[in-house]
Structures are given as C-alpha cells and as structure tokens.
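A quick write-up on the structure given underneath.
Derivation of every value follows stated rules applied to the coordinates shown; laboratory data play no part. It should be emphasised that the depicted structure is a prediction, and the values quoted were computed from it without experimental measurement. No Cβ is skipped: glycine too gets one built from the backbone with ideal geometry, and neighbour counts run over all protein chains shown.
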Amino acid sequence: LVSFAHVFSYGFEGPMVCVGAFPIINILGFVVGPMILVVVFTLVFGGTLSGTDSIKLVNWNPEELIAAFGWVAAIMSPVGNLFSTLLRVTNLDFLPLDAKSDDYDPSWPTYGACYLILWIQLVAFAALAYLKD
C-alpha cells in the first residue's frame with residue numbers, strides 16, 4: 001500500500017490535498033469502481049441491454065457476478081485486494097467461497113491469489129515510484 005500511495009501522491013498539488021482526497025478516491029475508484037465495471041460488462045456483454053443480444057458473451061448468475069467483482073477489485077489496486085481479502089476473512093453467506101457442484105464453480109479470490117497479486121502490485125508500484133523519483 002505504501003508504494004501505491006507514493007505513486008499516486010504525485011497526482012496531487014500539495015500534501016494536504018493528497019491526505020484529504022486520496023482516501024475518497026481509493027474508496028470510490030478502487031472499491032466501487034470494480035463493482036460498476038463488472039455490472040456494466042455484464043449488462044453489455046450479457047445480452048441484457050436492448051440491442052446487445054448478438055454480443056452475448058457471458059451468462060453470469062449472481063454468485064458469479066460477485067466473484068467477478070472480487071477478482072476485479074483484487075487486481076485493480078492494493079486497496080481492492082485488501083478489501084477482497086478482508087471480505088474472505090469475514091466468511092459472509094453471500095460470498096461464493098466454495099464450489100457447490102462440479103458444473104458450478106465461481107470462486108472468490110483465494111488467500112494465495114490475493115497474496116501473489118499483492119506482491120506483483122508491490123513490485124509494479126515500487127518501480128513506478130522509483131522511475132518517478
């Protein structure tokens with residue numbers, strides 16, 4: 001998270017603006033953003049909107065939609081990754097954590113996957129911060 005914050009701190013005019021605006025941008029952009037992205041993707045490529053019947057690439061049920069949100073949030077930023085990991089820890093009923101049958105296997109990101117994605121993000125954002133400095 002430190003290297004992520006370091007890279008994005010260059011986008012603000014001063015430190016006070018960064019301290020005030022960055023938490024809001026994190027929540028809106030990296031937690032709510034993936035949810036909007038997955039819903040729009042499902043509406044457009046799922047044939048749900050009028051005129052998109054020929055684009056029907058996905059046919060997700062609600063559990064698969066929630067699992068897709070978990071993966072997109074984990075990949076987009078360390079904040080979303082932490083959010084996905086913490087939701088997995090809570091073991092809420094609506095999270096698709098285990099396969100219910102062989103044909104049905106939407107899965108929330110595992111701890112190992114979140115850990116690996118977090119290390120990749122650490123290297124990427126540390127390299128960006130190094131290049132920027």
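Figures for the structure shown
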read-out: Computed E for VAL32/ASP133 - FRET, C-beta separation, R0 30 angstrom, nearest 0.05; value: 0.50
read-out: Whole-Hz ³J(HN,Hα) from phi, Karplus 6.51 cos²θ - 1.76 cosθ + 1.60, for the stretch 32-38, glycine and proline x; value: 6, x, x, 5, 5, 4, 5
read-out: Under the Karplus curve 6.51 cos²θ - 1.76 cosθ + 1.60, θ = phi - 60°, whole-Hz ³J(HN,Hα) for the stretch 12-28, x wherever Gly or Pro sits; value: 10, 6, x, x, 5, 5, 4, 5, x, 8, 5, x, 5, 5, 4, 5, 5
